[in-house]
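To start, the structure under review is shown below, and the notes come after it.
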Amino acid sequence: MLVNKSMFPIQAGYSVISKMNEQLGKLQLQLGTGQKASSLAEMGGDRTNSLSLRARLTKLTAYAENMTTVNMRLSFLDQSFTTLGKLKSEARTSATAGSYGENNLVMVNLQKMSQDRLALVIDSLNANVGGRYLMGGNVTDRP
């Protein structure tokens, strides 16, 4: 029996095995790193999808950070207004006609408590949250 070279294409078989080995190496690298390619050039036609998804993800991350900041500011404002409401009701109840005491002795304490409450109101209005003065209106960089 005569064996011809064309029956056993060793070069073609070796080339196919070599390409399969390279592909297996790339797939193992993708599996280990969780990335499809190491650079955008290797992604081919998928690179436009990757870039647009990255841009969308960046925008969503920025929106989420802004929402976190706004929620923090709103919770501070809620706490400040709750405190201001409590101070107002305390000031009204302490200034009733029956709370003066005998010989006006309570009036000294009432004056000191009013000064303390006024200082607390001013501190609440001038509070700095995250680099901004929230109660400053259009001017947020100073009290």
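Would you confirm, using the coordinates I've provided, whether Met20 is out of contact with any helix residue (DSSP H, G or I) (no Cβ under 6 Å at 6 or more places or on another chain), open to solvent by 70 Å² or more (accessible area, probe 1.4 Å) and modelled with pLDDT of 85 or more?
Working: out of contact with any helix residue (DSSP H, G or I) (no Cβ under 6 Å at 6 or more places or on another chain): yes; open to solvent by 70 Å² or more (accessible area, probe 1.4 Å): yes; modelled with pLDDT of 85 or more: yes.
For Met20, the condition - out of contact with any helix residue (DSSP H, G or I) (no Cβ under 6 Å at 6 or more places or on another chain), open to solvent by 70 Å² or more (accessible area, probe 1.4 Å) and modelled with pLDDT of 85 or more - is met.
Taking region 110-124, which residues are open to solvent by 70 Å² or more (accessible area, probe 1.4 Å), modelled with pLDDT under 85 and touching a Ser or Thr at 6+ places or on another chain (Cβ under 9 Å)? First the steps, then the outcome.
Initially, region 110-124 is screened for residues open to solvent by 70 Å² or more (accessible area, probe 1.4 Å), giving 111-113, 115-116, 118, 120, 122-123.
Among the residues that remain, those that are also modelled with pLDDT under 85 are: 111-113.
Selection gives Met113 alone.
For region 40-78, which positions are open to solvent by 60 Å² or more (accessible area, probe 1.4 Å) and either basic (Lys, Arg) or at positive phi (or both)?
Selection gives Arg47, Arg54, Arg56, Lys59.
The values are calculated or read from the model by the stated rules, or taken from the named source; none is laboratory data. Since the model is a prediction, treat every value here as computed from it, not as a measurement. Virtual Cβ from ideal backbone geometry, glycine too; neighbours counted across all protein chains shown. Keep in mind that these areas ignore ligands, DNA and RNA; they rest on the heavy atoms of the full protein, side chains included. Shrake-Rupley method; radii C 1.70, N 1.55, O 1.52, S 1.80 Å.
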